Amino acid sequence: MLFDSHAHIDDKRFNDDRAEVIARAAANGVTGIINAGADMFSSARAVELAEQYPHIYAAVGIHPHDAKNAREADYAQLALWAARPKTIAIGEIGLDYHYDFSPREEQQAVFVRQLDLARQLAKPVILHDRESHADIMATMKKEGQGLTGVFHCFSGSMEMAREVLRLGFYISVAGPVTFANAHKLLDIVREVPLDRLLVETDSPYLTPHPHRGKRNEPAYVRLVAEKIAELRGIDLETLAAATTENVKRLFHIS
């Protein structure tokens, strides 16, 4: 009963075997996948995949990398996609100061615009935060009133995790929890309340050990869940059931 709360199976790296990847996930106990958009093209593909497969759900949004390309008409299109029954969130959206592929001022403006869109549509948000911890928290405290959602692939500090929880948001953990240098994340995983924790792959990125260096895929969410269960001293079934219930509660999936 695992639920991969964040993947990009629309990615071109799955073009040759997408159906097999989806089947392999199901064979490994993955009963649901959220495919997150990162730009207008991938958001459209996310909606298509959600309508093609019963257990796949879509999130639509403009990633900070693509903020410089955002156009006024895009927000109306995102709203149309968000009205589809299987589009369950606005995302992934946020800030990325690692690459700065878009100017930070444009990232901020597009991020705030999409937070407002999510509020208008009563949709949760899926947040991307890379090396922008202070700014994303300041933005959420100022602009995130009335919203709920998840900080995907959490990479902040313990204190940031506590702030995220105080805001009512969830924390999602991906492949880095299996990496040898993930000391800070291990402590956070042990402390986050079980009812506020999600698991994900971020496929095709962040492949967990022992497949690191290869393409990631939703079937590997099991490796993430196994590591978290080990860290928390619980069995995999308990962890899987709790995180799956959390996804359904957060994103209103029946």
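The values are calculated or read from the model by the stated rules, or taken from the named source; none is laboratory data. Because the structure is predicted, anything quoted here is derived from the model rather than measured. Using ideal geometry, Cβ is built from the backbone for each residue, glycine included, and neighbour counts are taken over all protein chains shown.
May I ask you to verify whether residue 45 is touching a Gly at 6+ places or on another chain (Cβ under 9 Å) and surrounded by fewer than 24 Cβ atoms within 10 Å (Cβ to Cβ)? When the stated conditions are applied, residue 45 passes them.
Inspect all residues belonging to segment 139-157 and state whether any of them is surrounded by fewer than 20 Cβ atoms within 10 Å (Cβ to Cβ), among the charged types (D, E, K, R) and touching a residue at least 12 places away in the same chain (Cβ under 8 Å). Yes, because at least one residue in segment 139-157 is surrounded by fewer than 20 Cβ atoms within 10 Å (Cβ to Cβ), among the charged types (D, E, K, R) and touching a residue at least 12 places away in the same chain (Cβ under 8 Å).
Tallying residues that are surrounded by fewer than 22 Cβ atoms within 10 Å (Cβ to Cβ), touching a Pro at 6+ places or on another chain (Cβ under 9 Å) and among the aliphatic types (A, V, I, L, M) within segment 165-184 yields 2.
For every residue, the table says whether it meets (1) touching a strand residue (DSSP E or B) at 6+ places or on another chain (Cβ under 6 Å); (2) not basic (Lys, Arg).
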residue	(1), (2)
153	no, yes
165	no, yes
171	yes, yes
178	no, yes
186	no, yes
190	no, no
195	no, yes
205	no, yes
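Residues in segment 66-103 that are more than 20 Å from residue 152 (Cβ to Cβ), assigned to a helix (DSSP H, G or I) and without any contact (Cβ under 8 Å) to a residue 40 or more places away in the chain: 68, 69, 72, 73, 74, 76, 77, 80.
Evaluation of residue 195 against the conditions (1) farther than 22 Å from residue 31 by Cα; (2) in contact (Cβ under 8 Å) with a residue 24 or more places away in the chain; (3) assigned to a helix (DSSP H, G or I) shows that the sole unmet condition is (1).
Select from segment 57-77 the residues that are of a type in the set (A, V, I, L, M, F, W, C), buried (at least 23 other Cβ atoms within 10 Å of the Cβ) and in contact with a helix residue (DSSP H, G or I) (Cβ under 6 Å, 6 or more places away or on another chain) and write down the one among them that is farthest from residue 122 (Cα to Cα). The qualifying residue farthest from residue 122 (Cα to Cα) is 67. Does residue 162 meet the test of being farther than 19 Å from residue 211 by Cβ, exposed (fewer than 15 other Cβ atoms within 10 Å of the Cβ), without any contact (Cβ under 8 Å) to a residue 40 or more places away in the chain and out of contact with any Asp or Glu (no Cβ under 7 Å at 6 or more places or on another chain)? Against the criterion (farther than 19 Å from residue 211 by Cβ, exposed (fewer than 15 other Cβ atoms within 10 Å of the Cβ), without any contact (Cβ under 8 Å) to a residue 40 or more places away in the chain and out of contact with any Asp or Glu (no Cβ under 7 Å at 6 or more places or on another chain)), residue 162 qualifies.
For first residues located in segment 223-243 and more than 19 Å from residue 207 (Cβ to Cβ), partners that are of a type in the set (Asp, Glu) and at pLDDT 95 or above and lie 6+ apart or on another chain with Cβ distances below 6 Å form the pairs 236/226. Scanning segment 1-37 for residues that are within 23 Å of residue 150 (Cβ to Cβ), assigned to a loop (DSSP other than H, G, I, E, B) and more than 17 Å from the chain's Cα centre (by Cα) returns 1, 28, 29. Selection of first residues in segment 35-52 that are over 13 Å from residue 86 (Cα atoms) and of second residues that are among the β-branched types (Val, Ile, Thr) and surrounded by 18 or more Cβ atoms within 10 Å (Cβ to Cβ), restricted to Cβ pairs under 7 Å at least 6 apart or on distinct chains, gives the following pairs, ordered by first then second residue: 37/60; 39/62.
Has segment 229-241 got at least one residue that is under 25 Å from residue 85 (Cα atoms), at pLDDT 95 or above and surrounded by fewer than 22 Cβ atoms within 10 Å (Cβ to Cβ)? So far as segment 229-241 goes, yes, one or more of its residues are under 25 Å from residue 85 (Cα atoms), at pLDDT 95 or above and surrounded by fewer than 22 Cβ atoms within 10 Å (Cβ to Cβ).
Within segment 149-183, the residues that satisfy the criterion of being over 12 Å from the mean Cα position of the chain (by Cα) and in a loop (DSSP other than H, G, I, E, B) are 155, 156, 157, 167, 168, 169, 179, 180, 181, 182. Selection of segment 83-115 for residues being basic (Lys, Arg) and closer than 30 Å to residue 54 by Cα yields 84, 86.
Scanning segment 107-143 for residues that are touching a strand residue (DSSP E or B) at 6+ places or on another chain (Cβ under 8 Å) and part of a loop (DSSP other than H, G, I, E, B) yields 123, 124, 131, 132.
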